[in-house]
Amino acid sequence: MQRMNKCRILTLAIATALTGQVGAQAIQGFTGGTNPFDSFYGNSAGDSIGYRFTVLQSITVTSVGILNSEVTDGSVHSRHNWAIWDDNQTLLASAFIDPQHGYQLGDFFYSDFAFSLNLEPGTTYTIAIEYAHNDGDSFISSPSTLDSDPAINIINGVFPADPNLGLEFPEYDSGNIARLGPNFLFNESPTCLADVNNDGMLSPTDFTAWVGAFNSNAPGCDQNNDGMCTPTDFSAWIGNYNAGC
């Protein structure tokens, strides 16, 4: 059974416009595979499919994506729930990809996070998207080759233990490269968290910048890398500031 730490779950809103910082695609291309599938074996609540991966450096997820390689109208047809778990099956974040708000990049359609999510080396992550029967969108099973960013190591595809679970941790390994499916955009995580105003130095002005980030729920607020903006990040900022960069 999936274990959820509710304090860390982020049900994230999606920004309605491109931020201007697209970032790198986790999966940049693929060949082959079987298409289309609309759900793996569900017909009501739908199924969550995707893949497991690790990261080779600290990154920050900026946008969530869904396969849209057969573009006819510039968008996907249905609203899809996107989610990511850590290697303890703890749900780190979930977000809806809205066909009314997003943009096409390569074979994928993206919507932007209203917050940031930091991923770190040493953890195996599982990413999935929920597909419902006859939702008008499809995923690819068993691609022949997969081209991912050098910072991303794709392990294998995943699918759920039982049908019609909806958004549920997909615990079974599919025995192929991936099920596409989900994707995401990312940037390298900042190397000096305390330098909130990004001027390349630590000074009291970074405290003012952190207060602004806290009040606006901006990424610079999250000083302890727990994916949330809370008062505990103030203590974390002090620690990061005193540690220097």
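Here, each number is a calculation from the coordinates, and none is a lab measurement. These numbers were taken from a predicted model, which means no experiment stands behind them. Positions of Cβ are generated from backbone atoms using ideal geometry, with glycine treated the same way; all protein chains shown enter the neighbour counts.
Values as computed for the structure displayed
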read-out: Label-to-label distance, nm, for residues given as Asn217 and Ala243 (7 Å Cα→Cβ offset); value: 2.7 nm
read-out: Relative exposure of Arg52, Arg79, judged by other C-beta atoms within 10 Å (fewest first); value: Arg79, Arg52
read-out: Convex hull volume per residue for region 154-245, taking Cα atoms only, in Å³; value: 151 Å³
